[in-house]
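Down below is the structure, laid out as structure tokens.
The values are calculated or read from the model by the stated rules, or taken from the named source; none is laboratory data. None of the values given here were measured: they were computed from a predicted structure. FYI the Cβ positions are ideal-geometry reconstructions off the backbone, even for glycines, and counts take in every protein chain you see.
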Amino acid sequence: MAKDKKQPLILPAVEMTGIADKGLCVGRHEEGRVVFVENAAPGDIADVRVYKRTSGYYLASPVTFHRYSPDRVAPFCTHFGVCGGCKWQHLSYEAQLRHKTQVVYDAMQRIGKVEVGEWLPILGAGSDTFYRNKLEFTFSNKRWLTVEELEEGLQKDADVLGFHRPGAFDKAIDIEKCWLQPDPSNALRNGLKAIALAQGLSF
């Protein structure tokens with residue numbers, strides 16, 4: 001009998017074995033199909049809900065964790081998991097470098113079939129905060145709401161200044177503090193928002 005594609009597909013106990021593009025984790029279903037999972041970390045084992053199916057892979061999000069990765073750390077940004085600007089704050093920086101090294105290795109050797117004579121280690125950044133010299137923020141009158149905010153009955157029609165939610169270009173996330181750019185970046189953004197609200201300017 002054919003599977004009903006309208007019904008949510010839950011894959012049990014998928015183990016995340018690595019990272020892929022755009023902050024997704026890589027796992028495999030018991031049938032061998034590749035599963036790309038958002039909001040997970042290499043080393044996690046979780047039941048995942050598939051939200052997109054293709055002939056070659058599934059896209060999914062976790063619903064129940066059975067084991068957390070030992071490389072997990074507490075994200076320091078309150079917007080992490082919603083904003084999308086920082087994909088790997090829930091992993092230690094040492095683990096990030098290790099997994100990103102593997103991504104480069106796979107791209108060159110496994111996918112590109114390029115023989116590399118010598119591999120040099122990644123040179124880590126001096127700091128994993130306040131390292132960007134350019135950011136672009138968006139004024140919007142449509143606010144992206146989290147699941148918790150929707151359950152609280154908050155309205156999407158609200159003036160915000162922040163980043164676009166990845167894949168949702170019609171809504172923006174109101175950013176209180178961003179850890180990507182040093183001061184006075186946050187003060188400038190929050191000050192501009194306050195001025196616009198005080199003057200009744202259209203967002």
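Does F139 satisfy being in contact (Cβ under 8 Å) with a residue 60 or more places away in the chain, within 24 Å of L180 (Cβ to Cβ) and touching a Ser or Thr at 6+ places or on another chain (Cβ under 8 Å)? No. In region 48-75, the residues that are farther than 18 Å from Q7 by Cβ reach residues that are of a type in the set (A, V, I, L, M, F, W, C) and assigned to a loop (DSSP other than H, G, I, E, B) with C-beta atoms within less than 8 angstrom, at least six apart or across chains, in these pairs: P62/A40; Y68/A41; S69/A41; D71/A41; R72/A41; P75/C86. Among the numbered conditions (1) outside any loop (DSSP other than H, G, I, E, B); (2) out of contact with any Pro (no Cβ under 7 Å at 6 or more places or on another chain); (3) touching a residue at least 24 places away in the same chain (Cβ under 8 Å); (4) not aromatic (F, W, Y), the only one that R110 does not meet is (3). With the condition kept exactly as written, say whether any residue in region 106-118 is within 17 Å of A40 (Cα to Cα) and surrounded by 14 or more Cβ atoms within 10 Å (Cβ to Cβ). For region 106-118, residues within 17 Å of A40 (Cα to Cα) and surrounded by 14 or more Cβ atoms within 10 Å (Cβ to Cβ): absent.
Is it the case, given these coordinates, that S202 is assigned to a strand (DSSP E or B) and over 18 Å from T78 (Cα atoms)? The answer is no for S202.
Filtering region 43-61 to residues that are closer than 20 Å to G85 by Cα and in contact with an Asp or Glu (Cβ under 7 Å, 6 or more places away or on another chain) leaves only S61.
Taking the condition closer than 22 Å to Y131 by Cα, among the aliphatic types (A, V, I, L, M) and modelled with pLDDT under 90, does V73 pass? No; evaluated as a whole, the condition is false for this residue. I'd like to check something: does region 57-76 contain any residue that is among the β-branched types (V, I, T) and either within 27 Å of L150 (Cβ to Cβ) or within 13 Å of the chain's Cα centre (by Cα) (or both)? Within region 57-76, one or more residues are among the β-branched types (V, I, T) and either within 27 Å of L150 (Cβ to Cβ) or within 13 Å of the chain's Cα centre (by Cα) (or both).
I need the full set of residues from region 177-191 which are assigned to a helix (DSSP H, G or I) and in contact with a Leu (Cβ under 7 Å, 6 or more places away or on another chain), in order please. Across region 177-191, the qualifying residues are S185, R189.
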